[in-house]
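A short worksheet on the structure shown next.
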Amino acid sequence: MVEVADRDETGGHTVAGGTGWAAEVAAGSLVRIVDVEGKQVGDLVLFRSDDHTDRLSVGNTRKMANSLFVTTGAELWSTTYRRLARIEADTVGRHDLMASACTPYDYPIRFGERGVGHRACLSNLVEALRPWEIREPLVPDPMNVFMNQVVHEDGTTEVLEPTSRAGDRLEIRLLEDCVVALSACPQDLTPCNGWHITDLRVEIEPPAGEP
């Protein structure tokens, strides 16, 4: 397993609020995403290590789950319908598969001057993925971990504050060797992160039998 960032003394990685992180992680590993303070969304993307063009597809994941929302037991599917990961534990039960990552392109359109130069998940992911030469056009729409987006009866959607609290976690078991990338979402102009950007932690447990 090759990782971008060194582990800290507890064996995990802190993804500072508003920044990104990536690592190459072996099949069979458990990846745990922890909301450190609560109400912090993480944009998660996966790429097969041996073919970066085969990457997370939230559309295929929704189709195979027959649901807009996924939780424990659901699988995350690739663009060619390979099973990339399975959700093994989920203390929140609310994540989003509809919204694309926030970008430096949409911030000025949506928020005017306040959005100019604002950090964005897409940029964070591109920066974190640079060692693998995975460029922006290959970055797929993410699984928005802990994001609370609801669908109203008339079909409109609304982003509410996350329900996650400090210490809540999502655990996924990788079914393929993958490059895993995560952005601790910098969106502070909507309720997406409870109006306050905080850290996420990533903890990786190697496959059984490996140190």
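The values are calculated or read from the model by the stated rules, or taken from the named source; none is laboratory data. Source: prediction; values computed, not measured. Reconstructed Cβ throughout: ideal geometry from the backbone, glycine too, with neighbour counts over all protein chains shown.
Summary table below
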| quantity | calculated |
| --- | --- |
| Selected residue (criterion: modelled with the lowest pLDDT) from residues of region 3-17 that are surrounded by 16 or more Cβ atoms within 10 Å (Cβ to Cβ) and assigned to a loop (DSSP other than H, G, I, E, B) | V4 |
| Qualifying positions in region 187-211 - over 25 Å from R114 (Cβ atoms), surrounded by fewer than 22 Cβ atoms within 10 Å (Cβ to Cβ) and touching a residue at least 40 places away in the same chain (Cβ under 8 Å) | R201, E203, I204, E205, P206, P207, A208, E210 |
| Close pairs from region 15-31: first on the phi > 0 side of the Ramachandran plot, partner part of a strand (DSSP E or B), Cβ under 7 Å, at least 6 apart | G18/A184; G28/L174 |
| The one condition in (1) surrounded by fewer than 21 Cβ atoms within 10 Å (Cβ to Cβ); (2) under 23 Å from V36 (Cα atoms) that R114 fails to fulfil | (2) |
| 1 or more residues among the aliphatic types (A, V, I, L, M): qualifying strands (runs of 3 or more DSSP E) within region 19-73 | 20-25, 30-35, 42-48 |
| Residue match in region 50-62 (condition: touching a helix residue (DSSP H, G or I) at 6+ places or on another chain (Cβ under 9 Å) and either among the hydrophobic types (A, V, I, L, M, F, W, C) or within 16 Å of D90 (Cβ to Cβ) (or both)) | no |
| Selection count, region 77-107, where residues are at positive phi and of a type in the set (S, T, Y) | 1 |
| Single residue of L160, L97 found to be of a type in the set (A, V, I, L, M, F, W, C) and either surrounded by 22 or more Cβ atoms within 10 Å (Cβ to Cβ) or under 22 Å from L76 (Cβ atoms) (or both) | L97 |
| Selection from region 18-68 of residues that are surrounded by fewer than 20 Cβ atoms within 10 Å (Cβ to Cβ) and small (G, A, S) | A26, A27, G28, G38, S49, G59, A65, S67 |
| Residues being in a strand (DSSP E or B), of a type outside the set (D, E, K, R) and over 14 Å from the mean Cα position of the chain (by Cα) - total across region 78-98 | 2 |
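Residue-by-condition table, conditions (1) over 29 Å from G73 (Cα atoms); (2) surrounded by 14 or more Cβ atoms within 10 Å (Cβ to Cβ):
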{"position": "G93", "(1), (2)": "no, no"}
{"position": "R130", "(1), (2)": "yes, no"}
{"position": "V145", "(1), (2)": "no, yes"}
{"position": "V151", "(1), (2)": "no, no"}
{"position": "R165", "(1), (2)": "no, no"}
{"position": "I172", "(1), (2)": "no, yes"}
{"position": "V179", "(1), (2)": "no, yes"}
{"position": "C185", "(1), (2)": "no, yes"}
